[in-house]
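Down below is the structure, laid out as structure tokens.
The values are calculated or read from the model by the stated rules, or taken from the named source; none is laboratory data. Since the model is a prediction, treat every value here as computed from it, not as a measurement. Neighbour counts are summed over all protein chains in view; Cβ atoms, including those assigned to glycine, are modelled from backbone coordinates with ideal geometry.
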Amino acid sequence: MPGDPIVLRIKPFEQPDDLTCGPTCLAKVYHYYGYEKPLAEIIRDTPRNPDGGTLAVNLGLSAIEDGFHPTLYPFGLRIFDPTWRHLRRHPLVAKLERRARTVRSRRARRAVRAYAGYLKLGGAIRFPEPSRRLLVDLLRKGHPILTGLNSTYLYGTQREYRDRYDDVRGEAVGHFVVVSGYYPKTDRFAVNDPFRRVPMSRRGRYLVDAERLVSAILLADGTYDAVLLVLGRR
């Protein structure tokens, strides 16, 4: 893909604990846009899952409350049916509310209801094809991309069981990062990662092959976060 490198200036950052990667990434995207809100307040104001983590849609809800106009780009099939991609806001909310009444999983029900609430509050949702081109286009417009992804796949580490690596009993782990640049000559994206023990970087910034990053994002469907979140100011 021809063109000059894209570099959005995101300072290094670190999440205070293992469950706050999402709010920490949101704080750094806020900072990029010149909006300063203490991380402790963002963590406090962001809805959480019972396990203490959060979802991209909850970060979108927090952004709305803080005066931003967020857009979510979901790619998973656990929440949205592929045939819903052309629905307008109100019919889409109606579909989500009907789905919330039928899904058996409490976790899925909470996620579906969160998306319905997000749309009701004015949040935007788009359904483009997941691709390198989509990420590059968003970056070229000057938008850092807050994304959920499968960190087990991205890092190439063992799965985790009770907060420890265990390749037999473990499960893959979801995570949030900020994509802040693209280098066309090497076809790699710059990633800012809040995790304190990133295998490939001491400072939390590293480059990832485009195909691997897109794959890691899609594999986050297992944790309901195969999603891009982009903010705009009202």
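Scanning segment 147-178 for residues that are within 19 Å of the chain's Cα centre (by Cα) and of a type in the set (A, V, I, L, M, F, W, C) turns up L149, L154, A172, V173, F176, V177, V178. For beta carbons closer than 7 Å, sequence separation of 6+ or different chains, a first residue in segment 213-228 that is on the phi < 0 side of the Ramachandran plot and a second that is outside any helix (DSSP H, G or I) and surrounded by fewer than 19 Cβ atoms within 10 Å (Cβ to Cβ), the qualifying pairs are V214/P130; V214/S131; I217/P130; L218/P130; D221/L77; D221/R78; G222/A172. Of all the residues in segment 28-46, those that are in a loop (DSSP other than H, G, I, E, B) and either over 14 Å from P70 (Cβ atoms) or touching an Asp or Glu at 6+ places or on another chain (Cβ under 9 Å) (or both) number 5.
Any idea which of F80, F68 is within 17 Å of D221 (Cβ to Cβ) and either surrounded by fewer than 18 Cβ atoms within 10 Å (Cβ to Cβ) or more than 15 Å from the chain's Cα centre (by Cα) (or both)? Give the steps one after another, and end with the answer.
On the way: F68 fails: within 17 Å of D221 (Cβ to Cβ).
It is F80.
Applying the criterion of at least 2 residues that are more than 30 Å from S201 (Cα to Cα) to the helices (runs of 4 or more DSSP H) found wholly in segment 75-177 leaves 89-100, 106-120. Checked against the criterion of being closer than 30 Å to P38 by Cβ and surrounded by 15 or more Cβ atoms within 10 Å (Cβ to Cβ), the candidates L92, L59, L134, L121 yield just one match: L59. Within segment 98-118, the set of residues being within 25 Å of F68 (Cβ to Cβ) and surrounded by fewer than 15 Cβ atoms within 10 Å (Cβ to Cβ) is empty.
Kindly check whether there is at least one residue in segment 142-157 that is more than 19 Å from S215 (Cβ to Cβ) and either charged (D, E, K, R) or surrounded by fewer than 18 Cβ atoms within 10 Å (Cβ to Cβ) (or both). Checked against the condition, which is being more than 19 Å from S215 (Cβ to Cβ) and either charged (D, E, K, R) or surrounded by fewer than 18 Cβ atoms within 10 Å (Cβ to Cβ) (or both), segment 142-157 yields at least one hit. Being touching a strand residue (DSSP E or B) at 6+ places or on another chain (Cβ under 8 Å), more than 18 Å from D18 (Cβ to Cβ), at pLDDT 95 or above and surrounded by 20 or more Cβ atoms within 10 Å (Cβ to Cβ) is a property that does not hold for V178.
Do we find a residue being in contact with a Cys (Cβ under 7 Å, 6 or more places away or on another chain) and surrounded by fewer than 23 Cβ atoms within 10 Å (Cβ to Cβ) anywhere in segment 203-220? Don't jump to the end; show me each part of the working.
Of segment 203-220, the ones in contact with a Cys (Cβ under 7 Å, 6 or more places away or on another chain) are none.
Scanning segment 203-220 turns up no residue that is in contact with a Cys (Cβ under 7 Å, 6 or more places away or on another chain) and surrounded by fewer than 23 Cβ atoms within 10 Å (Cβ to Cβ).
Would you mind telling me which numbered condition in (1) touching a strand residue (DSSP E or B) at 6+ places or on another chain (Cβ under 7 Å); (2) modelled with pLDDT of 95 or more; (3) in a loop (DSSP other than H, G, I, E, B) C25 fails? Going through the list (1) touching a strand residue (DSSP E or B) at 6+ places or on another chain (Cβ under 7 Å); (2) modelled with pLDDT of 95 or more; (3) in a loop (DSSP other than H, G, I, E, B), C25 breaks only (3). Beta carbons closer than 6 Å, at least 6 apart along the sequence or on distinct chains, pair a first residue in segment 73-88 that is closer than 24 Å to P144 by Cα with a second that is charged (D, E, K, R) and modelled with pLDDT under 95 for G76/D221. Return a yes/no flag: does segment 15-22 have any residue that is modelled with pLDDT of 95 or more, of a type in the set (A, V, I, L, M) and surrounded by 15 or more Cβ atoms within 10 Å (Cβ to Cβ). No, because not a single residue in segment 15-22 is modelled with pLDDT of 95 or more, of a type in the set (A, V, I, L, M) and surrounded by 15 or more Cβ atoms within 10 Å (Cβ to Cβ).
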